[in-house]
Ligand code: ADP
Ligand code: MG
């Protein structure tokens, strides 16, 4: 269901006579930053998340604390809000279908269903005419036997519910492949050929229901142990022709889906001179996220509109204008590992550096690998942003990049 323009501060748009309220499924950090953006424009917000101390629930006007498929919880959400979005792709499809029948939802249940299943996602990417890593679908033992030798070494990925490198196993031989599939409980998977990566990047676009599509310049991303560690965002982070190609591919993917909302597409840049690059070209699509993305958090501080502002606009049917980046930026992800023996990192020392913007998500437990927050360094140019970010990383005990 797509709907009318939902102006902030209007009354009577949602069922309860309150001022316009926007809803979000999921109460993590992405939901929290959506809530902040919506509230700063004057919207009321409602979060649905079973966790009673979720990062978004803590800052929202309303927090419905039920399971995503709880009919009462969904009914309350429909009653409270004028439109609803999601902050994670693993939201049960049934929840979005129910909501979509009653309220405008962006992205649509169909788009989320594709993004949450690597098998459907690969098929969609192929339809969009963008290169993907050579792959095979593994759903039965017979599929293992049919895997061509050329796919090894490879990465076996569960079709559903993987994130931050979870649900993935690297395999070098057929024996390892069989053992890995067994280890993943023989759920549907894709086996991807292991590509020689020179770099990884991502593109974030926002597309409205009228087809208007705006974008941010591609981000250069460094992952450690399957988790995003550092994002470098400035014009010189990659050759311009490659950046254009990535943006064009992302828009093609969004158009093919008739997508409404914020979409992030992750890419691999292949090593120059590699046989894979000779066949596939320099740029290969990895995966997409039907929501704002960790690699776009710098837009909060370095752009005149953030990815979350654009999420609000697409949801409310407001106009989209091309965002402008006004500062070079480097973002460091702050994982729970930094809280050594529970001690609070020396934020005062970090914040003494110029152009530092600290964002903590209000999570109480600093577990290893858990995303607790991020630090964005903005500067007049890339060299300065990198230099300060390296100093911050050193102060925090993070590896240099
Ligand atoms: P997740 O959903 O966990 O983000 P990804 O599919 O993006 O899963 O994989 C996580 C990381 O693993 C990627 O960012 C990349 O560094 C590496 N990776 C994934 N697939 C491949 C591949 N086919 N070839 C080389 N590296 C890969
Ligand atoms: Mg990824």
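What ranking do 189, 213, 81 get, fewest neighbouring Cβ atoms within 10 angstrom at the top? Intermediate values should be presented prior to the final figure.
Details: 189 29, 213 18, 81 32.
Lowest to highest Cβ neighbour count: 213, 189, 81.
Test of understanding: ordering 236, 200 by Cβ neighbours within 10 Å, fewest first, what list do you get?
Ascending number of Cβ neighbours within 10 Å: 236, 200.
May I have the pair-distance distribution P(r) for segment 224-287, computed from all Cα-Cα distances with 5 Å bins from 0 and rounded to whole percent?
3, 14, 20, 24, 21, 14, 3, 0
Give the residues of segment 59-100 whose amide nitrogen is closer than 20 Å to a point set 7 Å from the Cα of residue 212 in the direction of its Cβ.
Within reach of a label on residue 212: 83-85.
Given the Cα-Cα distance of residue 364 and residue 160 and 0.36 nm per residue of separation, how much length would full extension add, in nm?
70.6 nm
Roughly speaking, what is the stretch gain from residue 343 to residue 126, that is 0.36 nm per residue apart minus the C-alpha to C-alpha distance, in nm to one decimal?
73.4 nm
Shape verdict for segment 1-103, please, from the Cα gyration tensor: rounded (a/c under 1.5), prolate (a/b greater than b/c) or oblate.
It comes out oblate by the Cα gyration axes.
Picking from 320, 48, 263, which is most flexible by a Gaussian network model of the chain using Cα springs under 10 Å?
320
If one puts a single equal scatterer on every Cα of the chain and applies the Debye formula without solvent, what log₁₀ I(q)/I(0) results at q = 0.08 Å⁻¹?
Log10 of I(q)/I(0), two decimals: -0.43.
Given the rule -39500 (n - 2.57) for each run of at least 4 DSSP H residues, summed and divided by the residues of the chain, what is its mean residue ellipticity at 222 nm, to the nearest 500 deg cm²/dmol?
Numbers: 13 runs with 118 residues, N = 401.
So the calculated ellipticity at 222 nm is -8500 deg cm²/dmol.
With r as the distance between the Cβ atoms of residue 222 and residue 353 and R0 = 25 Å, compute the FRET efficiency 1/(1 + (r/R0)^6) and round to 0.05.
For R0 = 25 Å, the calculated efficiency reads 0.80.
How high is the FRET efficiency between residue 5 and residue 75 when r is their beta carbon distance and R₀ equals 35 Å, given to the nearest 0.05?
Values: r = 25 Å, r/R0 = 0.72.
Plugging the Cβ-Cβ distance into 1/(1 + (r/R0)^6) gives 0.90.
Among 398, 41, 33, what is the fewest-to-most ranking by other Cβ atoms within 10 Å?
Ascending Cβ contact count within 10 Å gives the list 41, 398, 33.
Taking 56 Å as R0, compute the FRET efficiency from the Cβ-Cβ separation of residue 241 and residue 53 and round it to 0.05.
Working: r = 47 Å, r/R0 = 0.83.
With R0 = 56 Å, the Cβ-Cβ based efficiency is 0.75.
Subtracting the Cα-Cα distance from 0.36 nm times the residue separation, let me have the gained length for residue 65 to residue 198 in nm, one decimal.
Fully extending the segment from residue 65 to residue 198 adds 43.5 nm.
When a/c reaches 1.5 or more, the comparison of a/b and b/c decides; with that in mind, is segment 298-401 rounded, prolate or oblate per its Cα gyration tensor?
Numbers: a/c = 2.92, a/b = 1.44, b/c = 2.03.
Judged from the Cα gyration tensor, segment 298-401 comes out oblate (a/c at least 1.5, b/c at or above a/b).
Largest first and to the nearest Å, give the Cα extent of segment 256-348 along each principal axis.
Ordered largest first, segment 256-348 gives principal extents of 50, 41, 24 Å.
FYI, it's all coordinate maths here, none of it is from the lab. Note that the structure is predicted; figures quoted are calculated from it, not measured. Backbone-built Cβ (ideal geometry, glycine too); neighbour counts: all protein chains shown.
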